[in-house]
1. Among the residues of segment 16-40 satisfying the criterion of being under 21 Å from residue 116 (Cβ atoms) and either among the β-branched types (Val, Ile, Thr) or within 20 Å of the chain's Cα centre (by Cα) (or both), which is modelled with the highest pLDDT?
2. When the residues of segment 60-117 are filtered to those that are among the aliphatic types (A, V, I, L, M) and farther than 26 Å from residue 193 by Cα, which remaining residue is surrounded by the most Cβ atoms within 10 Å (Cβ to Cβ)?
3. What do you reckon, is residue 72 at pLDDT below 95 and among the aliphatic types (A, V, I, L, M)?
4. I'd like the full set of residues that are under 13 Å from the mean Cα position of the chain (by Cα) and of a type outside the set (Ser, Thr, Tyr), limited to segment 162-193.
5. May I ask you to verify whether residue 116 is more than 24 Å from residue 205 (Cα to Cα), in the same structural domain as residue 18 (by TED's automatic domain parsing) and of a type in the set (Asp, Glu)?
Amino acid sequence: MLNVAIKAARAAGAIINRAALDVESVRISQKQINDFVTEVDHAAEKIIIETLLTAYPGHGILAEESGQEYGAKHSDFVWVIDPLDGTTNFIHGFPVYCVSIALTVKGKVEQAVVYDPTRNDLFTATKGRGAFLNERRIRVSKRTQLKDCLISTGFPFRPGDNFKSYMNMMSDVMQRTAGLRRPGAAALDLAYVAAGFTDGFFETGLSVWDVAAGSLLVTEAGGLIGNFTGESDFLDQQECMAGNPRIYGQLVPLLAKYSKFAGAGDKAAVRQAAKELKLGKEADVEGTAADPDDAESGSTPA
């Protein structure tokens, strides 16, 4: 099954790479504000579905663009597909995007492929058999202290996203780490955690096709993945956190209060933090506004 998924991912990658040669001619439409889809997404998804269903006609399909339109409707075997994760990057020629394919069996991810066509990097995993990058075994990083870590995330971009809450999350994480990155393709972010390129990841608003394949890569590479409270049953919860075990354990107390599943006390703490942040900004603005007057009342420069 993994070999068929690899074949499908590479076929989709070939379509994406050809289109990338003349990305300005690609037709683009908008699903909602800041959420784009291109003819390349549709073409890549079509070849993936055709490849998978030719080999496994009795399997189900859950794809980002076509949903459950194709495949068997009540199969225990369901392929979860994101044909082009990082579409916004792609249409700008920013080379961070990937193909993501996962096979779930009775709701559990059993096979995973994340393919980066720009670098020809192939991340794969089979349940119980480890995770690999270009056929070499990968493991999560060995860093143990958050202050030494590089963490990746995604920024909110849809109408209705809680920007203030995300700013507070970013503030909490940035002050305690070596750096925060926003590459723009969640499936690849998770693959990078699995490979040890980054030490952790968090993001809200993700769909199952964004995280299914990456979740298996992380766990098979020795990492942990779940929602912000650390619960591992997270695929449909639209919040995701991952990392090596030591760093994951340090991210949970930082991010749990921002979870939709947080208790009332934690949510009150978030509201208080937001209030303090707002007051701090207002104080900064008042201080800045006062500076010119101070300068004018002082002595003239030499």
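The values are calculated or read from the model by the stated rules, or taken from the named source; none is laboratory data. Fair warning: this is a prediction, and the values are worked out from it, not measured in the lab. Neighbour counts are summed over all protein chains in view; Cβ atoms, including those assigned to glycine, are modelled from backbone coordinates with ideal geometry.
1. Here is the first cut: in segment 16-40, the residues under 21 Å from residue 116 (Cβ atoms) are 16-23, 26, 36-40.
Cutting the leftovers down to either among the β-branched types (Val, Ile, Thr) or within 20 Å of the chain's Cα centre (by Cα) (or both) gives us 16, 23, 26, 36-38, 40.
Details: 16: 96, 23: 81, 26: 82, 36: 64, 37: 72, 38: 83, 40: 90.
Ranking the candidates gives 16 first.
2. So the first thing to find is which residues in segment 60-117 are among the aliphatic types (A, V, I, L, M), and the list is 61-63, 72, 78, 80-81, 84, 91, 96, 99, 101-103, 105, 109, 112-114.
Within this subset, residues satisfying the condition of being farther than 26 Å from residue 193 by Cα are 61, 72.
On the way: 61: 23, 72: 16.
Result: 61.
3. Values: at pLDDT below 95: yes; among the aliphatic types (A, V, I, L, M): yes.
Criteria met by residue 72.
4. Step one: of segment 162-193, the residues under 13 Å from the mean Cα position of the chain (by Cα) are 181-193.
181, 182, 183, 184, 185, 186, 187, 188, 189, 190, 191, 193, listed by residue number.
5. Values: more than 24 Å from residue 205 (Cα to Cα): no; in the same structural domain as residue 18 (by TED's automatic domain parsing): yes; of a type in the set (Asp, Glu): yes.
No.
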